[in-house]
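A quick write-up on the structure given underneath.
The values are calculated or read from the model by the stated rules, or taken from the named source; none is laboratory data. Being a predicted model, the structure only gives us computed values, none of them experimental. Note: ideal-geometry Cβ built from the backbone for every residue, glycine included; neighbour counts use all protein chains shown. Please note that ligands, DNA and RNA were not included when accessible areas were found on the heavy atoms of the full protein model with its side chains. Shrake-Rupley method; radii C 1.70, N 1.55, O 1.52, S 1.80 Å.
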Amino acid sequence: RESFPDITIPYVFVTTKYEGVAPEDMEELITIPIERKLKGIDNVLLEKHTRDYVLSRIRAGVLEHGFAELMREAQCGERMDAEGEIHEGFFINDNGAMHRMDLAKHTGGNSVMVYGQTELTRDLYEAREKMGGNVVHEALDVQPHDLKSDAPYLTYTKDGESHRTGERRADLFHHRARLFAVFAAQPGAEPLLHSGAAER
């Protein structure tokens, strides 16, 4: 129950409609400005363990095509593309008979990227640092509050002291939307990532 809390995350879907406007103009005048604003939403990352502990966990990784594209879009995929291996299929052993499953053929040209999750995490840490993102390590007893209100927040314990998002200037939210990221894994379990946006 503690590892997988029952949390309903509110989402905001934005649809734009402007009759008589070309798709290219719509993207330039409406969609791109909205995306730029959304990328500027303040957020906080809470991790239960130390950074050294997180980066010392050695785990294999097979990234789906869409996720690899997302890494590139976020400008985090340079090392992944240089060091990872693209696989367009895999084999299934059926009583000694090998059957190849052609991913590219059955998915319209998609593939998977073999790239260690540990290295992926390292890349995301570096990207987080470049953007000046707020990361709190050794955050315990993380609890979300008032998720359905116009002012949701998180509480957590660090070094024996209680904290609440919004106490520090870096946690202040200046936009009409709010993003939470909770990265608090249990010992021996896969990390959990809960994210959501609430209109304000």
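What is the sum of charges, Lys and Arg at +1 and Asp and Glu at -1, for the other residues whose Cβ falls under 13 Å from the Cβ of residue 124? Could you put the intermediate results ahead of the total?
Working: positive: 51, 79, 122, 128, 130; negative: 47, 78, 119, 123, 126, 129.
Surrounding charge for residue 124 is -1.
Once phi is turned into θ = phi - 60°, what whole-Hz ³J(HN,Hα) does the Karplus curve with 6.51, -1.76 and 1.60 give for every residue of the range 73-85, x standing for Gly and Pro?
Once rounded to whole Hz, the list reads 4, 7, 6, 10, x, 4, 6, 4, 5, 7, 10, x, 10.
How do the peptides 140-153, 44-57 rank, highest first, by the average count of neighbouring beta carbon atoms within 10 Å per residue?
44-57, 140-153
Pulled fully out, how much extra length does the chain show between residue 127 and residue 59, if you take 0.36 nm times their separation in residues and subtract their Cα-Cα distance?
Net length gain for the segment: 22.5 nm.
Can you work out ³J(HN,Hα) from phi for every residue in the range 120-136, in order, using Karplus 6.51 cos²θ - 1.76 cosθ + 1.60 and θ = phi - 60°, giving whole Hz and x for Gly and Pro?
4, 4, 4, 4, 5, 4, 5, 5, 5, 5, 5, 8, x, x, 8, 10, 10
So between residue 28 and residue 69, what do we pick up on full extension, going 0.36 nm a residue minus the alpha carbon distance? If you can, show how the numbers build up before the last one.
Values: separation 41, 0.36 × 41 = 14.76 nm, distance 2.17 nm.
Result: 12.6 nm gained on full extension.
In nm, to one decimal, how far is the residue 135 label point from the residue 21 one, both placed 7 Å along Cα→Cβ?
Label-label distance for residue 135 and residue 21, simple model: 3.8 nm.
How do 59-70, 111-122 rank on mean C-beta neighbours within 10 Å, highest first? Show your work: numbers first, answer last.
Details: 59-70: 15.0, 111-122: 17.9.
Per-residue mean Cβ counts within 10 Å order the peptides as 111-122, 59-70.
Arrange the residues 163, 106 by how much accessible surface each exposes, largest first, with a 1.4 angstrom probe. Working shown, then result.
Working: 163 50, 106 135 Å².
Output order, biggest surface exposure first: 106, 163.
What does the charge dipole of the range 66-133 about its Cα centre add up to, to the nearest 20 debye, if the Cβ of each Lys and Arg holds +1 and the Cβ of each Asp and Glu holds -1?
Here the size comes out at about 100 debye.
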